[in-house]
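J.: To start, I am sharing the structure in question, which I have written as structure tokens.
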Amino acid sequence: MTRQICVRCQQSTDEPVVVGMEHGASVTAYACPDCAPSFPKQVDVFAAAAAMRRARETGRAIRTGRA
């Protein structure tokens with residue numbers, strides 16, 4: 001992977017970690033390994049959609065962690 005700038009500390013890093021992605025605009029946010037844990041874990045929207053579809057087909061509820 002190429003050198004990227006951390007979105008939190010603005011330092012250049014040779015080991016960027018993807019911490020955000022906008023699917024419609026093809027924008028990716030990177031963080032350095034030290035700052036990456038401070039960002040929420042990204043959800044794979046395609047995997048989540050597939051899990052919801054499987055749950056609907058089998059009649060099972062899915063826990064989303066939301067109230």
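J.: Would you please name the residue that is surrounded by the most Cβ atoms within 10 Å (Cβ to Cβ), looking only at residues in the range 1-55 that are among the small types (Gly, Ala, Ser) and in contact (Cβ under 8 Å) with a residue 24 or more places away in the chain? Steps first, please.
T.: Taking the range 1-55 as the starting set, the residues that turn out to be among the small types (Gly, Ala, Ser) are 12, 20, 24-26, 29, 31, 36, 38, 47-51, 55.
In the following step, the residues that additionally are in contact (Cβ under 8 Å) with a residue 24 or more places away in the chain were identified as 31, 38.
Details: Ala31: 23, Ser38: 10.
Taking the candidates together, the pick is Ala31.
J.: Restricted to the range 1-25, and to residues that are assigned to a strand (DSSP E or B), at pLDDT 95 or above and not aliphatic (A, V, I, L, M), which residue is nearest to the chain's Cα centre (by Cα)?
T.: Gln4
The values are calculated or read from the model by the stated rules, or taken from the named source; none is laboratory data. The structure displayed is predicted, hence computed values, not measured ones. A quick note on method: Cβ atoms are made from the backbone with ideal geometry, for glycine too, and the neighbour counts reach across all protein chains shown.
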